[in-house]
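Student: Before I ask anything, here is the structure I am working with.
The values are calculated or read from the model by the stated rules, or taken from the named source; none is laboratory data. No experiment lies behind these values; they were computed from the predicted model shown. Glycine also receives a Cβ, built like all others from the backbone with ideal geometry; neighbour counts cover every protein chain displayed. Ligands, DNA and RNA are stripped out before the accessible areas are found, and what is left, the full protein with its side chains, is counted by its heavy atoms. Shrake-Rupley method; radii C 1.70, N 1.55, O 1.52, S 1.80 Å.
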Amino acid sequence: MLAIEFARFIGLPLPSRFSQVEVTNKVCDLLCTLGCRLVLIDELHNLDIGTRVGAEASDQIKYLSERIPATFVLAGVDVEGTGLFAGRRGGQIASRYTLIPTSPFRHKTEEQRNSWRSLVATLEESLRLHAHRPGTLLKLSAYLHDRTGGMIGSLSHLVREAALDAILDGSEKITKASLERVDLDESAEQQNIPRARRRRTRSEKRIA
């Protein structure tokens with residue numbers, strides 16, 4: 001199935017009947033022809049090498065990395081605690097990759113704040129709201145960091161939901177007030193203690 005997902009992603013047409021070996025060879029040949037230099041595989045924490053399917057997927061990743069002359073980047077959450085590096089297969093993975101721990105964007109130094117502002121600016125440039133004033137989100141970068149805890153996924157969710165609300169209500173712009181009306185994932189909300197308290201208060205009033 002991993003080879004089929006590769007084929008689907010790169011738009012490789014497959015016949016109605018095919019074998020795993022045929023698909024894998026077609027994928028490798030095409031990526032080599034295209035000069036692929038980087039392969040990103042996400043959700044690695046879902047790979048359980050203790051199961052038959054997980055073991056096959058692990059072997060497939062190993063085979064693809066040997067056939068395709070590209071850098072393979074595997075991303076996941078808490079991969080050290082998933083048993084991914086245990087046993088014979090785990091040892092093969094551990095011997096082929098360097099573990100690079102990541103964390104949310106920090107906001108203490110000027111360099112860290114500039115990196116965060118750059119991310120916010122990139123998201124804002126992608127907006128297509130007719131009445132939105134460019135630079136609004138950039139000015140709110142500190143607030144956005146407080147709201148999201150520096151998590152890219154939470155930031156993307158916040159801006160996307162606020163943009164959808166702006167389209168639906170006809171305002172066609174994002175403001176701090178409209179951002180405040182968006183509820184984020186629980187992990188991000190709990191990091192903003194004052195806002196979490198306000199949410200609990202609103203919930204209690206609705207229940208009452």
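Student: Check which residues have an amide H placed less than 5 Å from I174's amide H, if you skip close sequence neighbours.
Tutor: When sequence neighbours closer than 5 places are left aside, the close amide H contacts are R133.
Student: Now for a different question. By per-residue mean of other Cβ atoms within 10 Å, what is the highest-first order of 16-24, 137-145?
Tutor: Going by the mean number of other Cβ atoms within 10 Å, highest first, we get 137-145, 16-24.
Student: Same structure again: Taking the 0 to 90 degree range and rounding to the nearest ten, how far is the long axis of helix 87-96 tilted relative to the main principal axis of the chain, both from C-alpha atoms?
Tutor: Result, in degrees: 70.
Student: Additional query: Quick check: pseudo-label points 7 Å beyond the Cα along Cα→Cβ at T102 and S115, how many nm apart are they?
Tutor: Spacing of the two 7 Å Cα→Cβ label points: 1.2 nm.
Student: As a test of understanding, state the convex hull volume per residue of the chain from its alpha carbons, in Å³.
Tutor: Convex hull volume per residue, Cα atoms: 214 Å³.
Student: Between F18 and D42, take the C-beta separation as r, use R0 = 22 Å, and let me know the FRET efficiency to the nearest 0.05.
Tutor: 0.30
Student: Let me ask you something else. Over the chain, how many pairs of lysines fall under 24 Å by alpha carbon, counting only those 8 or more apart in sequence or from different chains?
Tutor: 6
Student: Determine the calculated [θ] at 222 nm for the chain from helices alone, applying -39500 (n - 2.57) to every DSSP H run no shorter than 4 residues and normalising by the residue count; nearest 500 deg cm²/dmol.
Tutor: Mean residue ellipticity at 222 nm (helix-derived): -17500 deg cm²/dmol.
Student: Quick one: if the Förster radius is 25 Å, what FRET efficiency do E5 and I167 give, using the C-beta to C-beta distance and rounding to 0.05?
Tutor: Here the calculated transfer efficiency is 0.20.
Student: Please list, in order along the range 69-85, the HN-Hα scalar couplings obtained from phi with the Karplus expression 6.51 cos²θ - 1.76 cosθ + 1.60 (θ = phi - 60°), rounded to whole Hz, x for Gly and Pro.
Tutor: 3J(HN,Hα) across the range 69-85, in whole Hz: x, 9, 7, 9, 10, 10, 10, x, 9, 6, 5, 5, x, 9, x, 5, 9.
Student: Averaged per residue, what accessible area in Å² does the chain show with a 1.4 Å probe, protein chains only?
Tutor: Computed with neighbouring chains in place, this is 65 Å² per residue.
Student: Short version: ³J(HN,Hα) in whole Hz for each residue of the range 39-56, in order, from phi by Karplus 6.51 cos²θ - 1.76 cosθ + 1.60 (θ = phi - 60°), x for Gly and Pro, what are they?
Tutor: 10, 10, 10, 9, 6, 5, 5, 7, 8, 9, 6, x, 9, 5, 5, x, 5, 5
Student: In addition: Return the carbon/sulfur percentage of the accessible area of the chain, one whole number, probe 1.4 Å, all protein chains in place.
Tutor: Reported share for carbon and sulfur atoms: 55 percent.
Student: Same structure again: Does anyone have the angle between helix 20-34 and the longest principal axis of the chain? Alpha-carbon axes, 0 to 90°, nearest 10?
Tutor: Taking Cα atoms only, the helix is inclined about 70 degrees.
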